[in-house]
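Input: a single structure, listed below in structure tokens.
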Amino acid sequence: MQSSQLVVLLFLSSLASLLFISLFQGTAYATGSSNLSATVSVVCPFKIAFNVSPAYAKTGNILMNYTMFTTEPCNISNMSGKFTITNAATGSVVYSEALFAQNTTELRRTYNLSVSTAGMSNTSYIANVTFSTFKENVSTIAKFTLYNPPAINITGISVSPHSILYGSPLGVYISLTNKGQFSSGPIMLHVSLSGSIVTSGNYLEQPLGPGQNETVFLSIPNTPASIGTGTASVYATYRANNVNYTSNTASATYAVLAIQPKPIPKPTVPITVMPQFSIASFPLSVSLPIGGSSVGTIGISDVATAPEYVSLSIGAYSSMAALSTNTLYLLPGKTAYASVLYKVNSTALPGTYVIPISISAAVANASTASATEYSTLNVYAVNRTKAMMENQLDLYNSTGSVSGTVEVFSPSNASANNIIVKVSLPAGIVSSIDQLHLYGAPGNVTVENGIYTLNWYISKLQANSSTNVYYSISNPLSIVPLQEIQSELSTVSVPTPSSILRIVSTYVPTLYTNSTANMTIYALYTGAYPGIVYVSATPPIGIRVYNSTQAIDASPNQLLHIIFPLAAGSSPGTSLVQLYMQAQGYNYTYQFPLVVMPKPAISTTSTTTIPQKVVKPAVNMLFVYVFVGFIILAFALLTGYRRHAAGPRYSRYRADKLKMMREQIKRSEEEHGD
């Protein structure tokens with residue numbers, strides 16, 4: 001019996017040990033064959049960085065990107081996600097796209113997003129990118145606003161006058177405006193004329209900011225090719241935000257009339273060189289409105305060795321031009337002058353009038369020399385509701401130099417702002433910018449395709465006033481093309497403060513006492529020209545702002561990223577940060593609330609860490625309890641066995657003998673008792 005019980009005890013102990021080992025292995029390695037198994041799930045944390053501009057032009061596609069990476073040394077083989085854009089005001093989803101990411105590790109990987117703005121309006125939106133694993137759901141959002149792109153619209157075109165004389169320059173007024181929320185780049189006007197010698201022309205105009213208007217006056221010489229009806233059409237092209245745009249097309253008709261008598265043809269050589277005298281100065285061209293007047297000068301020099309008498313006279317159109325004197329007396333080597341008064345009465349027809357001026361000289365030996373020179377008078381209709389100009393071109397030193405004068409008039413009832421005057425010289429007059437000189441206002445000279453353009457910039461003219469700008473041409477290669485000089489006048493409305501600068505996003509952090517953080521401002525600069533934006537932040541008492549005053553070079557349609565580092569003191573509370581901005585003469589003032597919170601107390605405890613041997617993998621405590629139970633059971637069985645083994649032991653033979661002896665003793669006692 002002893003050996004059999006010991007075998008039973010050993011069998012139970014072995015069974016308990018095997019069960020424990022089996023459970024241990026199932027916990028640590030998650031084998032699928034065990035009836036009781038546990039799975040260890042390892043979480044790989046990750047982050048998403050979203051790159052979204054706070055402002056976009058609503059044109060074509062807008063671009064965004066997001067970057068994914070794990071924050072610990074681990075790998076996520078694949079994840080599914082979702083990208084949505086929601087209207088910030090209504091909460092409606094306007095765009096949705098499924099996303100997928102593979103092999104996300106500590107190495108940052110960037111994914112690009114491209115979204116069409118065709119179905120969106122110019123308002124604010126919230127973009128969201130979300131990715132999920134079986135344990136984590138990570139989401140990031142960003143807010144942005146769509147603004148209308150620049151939209152140049154031709155609001156009107158008119159011809160001044162509606163009826164012009166054959167052979168006269170054509171005056172074209174063009175009105176345009178920017179109806180978008182971004183500034184345009186330089187604007188190219190494309191003008192086409194039907195029934196004209198000049199069939200088309202391109203005119204570069206200044207850029208326009210949001211809401212700005214521009215009026216352009218073009219004086220196109222020798223326009224009508226025939227008597228009848230003509231049409232002037234115009235459209236604009238421009239470029240902004242790396243996108244090309246085209247405006248609408250506008251057109252206007254005009255009538256070309258004949259005049260009796262017809263104008264005197266222009267000579268091929270305007271100035272004649274005579275042996276006895278030379279022309280020191282001559283009014284080659286004058287432009288006047290109906291009712292206008294101007295004074296030119298004729299200078300005659302005696303190149304002979306004897307005194308001369310010079311006679312001057314005007315033939316045709318004497319009602320439009322008059323001489324101050326008809327006779328000049330010249331001494332040898334000297335120059336005398338006579339004035340020419342140009343006056344256009346109210347009944348004159350707009351057009352071009354070629355006025356002949358006869359010059360004859362009689363010398364001492366009774367010989368004579370004569371010549372006829374021609375002065376061109378351009379008459380145009382009065383439009384005092386818009387800015388206009390007068391031009392005069394004078395020749396000096398017998399074609400040695402040319403002097404030009406442009407008089408600019410503001411409207412009679414309004415001031416004119418941002419005025420640009422242009423005079424374009426046809427090819428063949430000069431070969432170098434050094435031959436051109438500008439006076440009267442800030443300006444420059446540009447060259448394109450052999451055509452030299454003189455530009456003057458006038459900031460403002462008060463209502464019903466005028467100013468002059470001047471230019472001179474030294475040693476012109478030819479004076480014949482001077483009759484084809486083209487002039488242009490443009491005025492631009494004053495921009496409003498909101499059309500130059502607007503804040504699109506702000507981030508004012510919540511500070512803790514004795515801590516630092518950054519205040520971030522995003523501002524959209526939409527001025528038509530590059531400029532400097534001045535920014536200043538004034539903190540309340542107890543707050544310090546680093547780099548509090550900044551000057552930023554801004555380009556048109558640039559999003560400015562402005563950062564102000566803030567440092568809080570020891571006092572909590574709520575106050576205001578003052579922000580001042582200045583751009584193109586306009587001042588902007590903003591206030592932002594700033595909250596300073598008490599810094600949370602940090603509790604510290606002193607602990608002693610005893611290094612422990614790390615056992616991997618960990619054992620599930622349920623199986624530990626089962627194992628301990630089996631050990632206790634084995635111990636109890638062993639104890640009982642030992643107690644049983646230590647007790648008295650009898651054989652069956654002895655027991656039977658004892659039983660028989662007791663029965664004999666009992667019978668013996670009964671017999672003796674009887």
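General observations
- Couplings for segment 563-577, taken from phi via the Karplus curve 6.51 cos²θ - 1.76 cosθ + 1.60 with θ = phi - 60°, read 10, 10, x, 10, 10, 8, x, 8, 9, x, x, 10, 8, 10, 9 Hz in order; Gly and Pro are left as x.
- Members of K334/K422; K58/K82; K343/K386; K47/K143; K386/K422; K143/K599 lying beyond 27 Å, as alpha-carbon distances in this model show: K334/K422; K143/K599
- Counting every alpha-carbon pair across segment 514-561, the share separated by more than 11 Å comes to 72%.
- Relative to its residue count, segment 434-557 spans a Cα convex hull of 192 Å³ per residue.
- Rounded Å value of the spacing that divides the Cα centres of segment 549-592 and segment 130-162: 25
- Built amide H within the under 5 Å cut-off of C74, gap 5+: E106
- The heavy atoms of R667 offer some 120 square angstrom of accessible surface to a 1.4 angstrom probe.
- In segment 274-373, the portion of solvent-accessible area held by carbon and sulfur atoms comes to 54 percent [1.4 Å probe, whole percent, DNA, RNA and ligands not counted].
- In summary, the convex hull built on the alpha carbon positions of segment 376-478 has an orientation-averaged projected area of 7.0 nm².
- Relative contact order (%) - criterion: Cα under 8 Å, at least six apart; region: segment 60-153: 32
- Using θ = phi - 60° and Karplus 6.51 cos²θ - 1.76 cosθ + 1.60, couplings along segment 230-244 (whole Hz; Gly, Pro as x): x, 10, 10, 10, 8, 9, 10, 10, 7, 9, 8, 6, 6, 10, 8
- Residue order for S251, S184 - accessible surface, 1.4 angstrom probe, largest first: S251, S184
- A cut-off under 10 angstrom between Cβ atoms defines the neighbours of P150, and their net charge, with Lys, Arg +1 and Asp, Glu -1, is +2.
- Accessible area per residue was computed with a 1.4 Å probe on protein heavy atoms; Y507 scores about 130 Å².
- By accessible area with a 1.4 Å probe, ligands and nucleic acids excluded, highest first: order of V508, V159: V508, V159
- D553 accessible area, assembled protein chains, probe 1.4 Å, Å²: 120
- log10 of Debye I(q)/I(0), alpha-carbon scatterers only, for segment 295-374 at 0.16 Å⁻¹: -0.62
- Remark on G527: its backbone amide H falls under 5 Å from those of N557, a criterion applied only to residues 5 or more positions apart or on other chains, H modelled at 1.01 Å from N.
The values are calculated or read from the model by the stated rules, or taken from the named source; none is laboratory data. Worth saying up front: this structure is predicted, and the values here are computed from it rather than measured. Here Cβ is always computed from backbone atoms with ideal geometry, including for glycine, and neighbour counts include all displayed protein chains. In case anyone asks, the SASA skips ligands and DNA or RNA and just uses the protein heavy atoms, side chains included. Shrake-Rupley method; radii C 1.70, N 1.55, O 1.52, S 1.80 Å.
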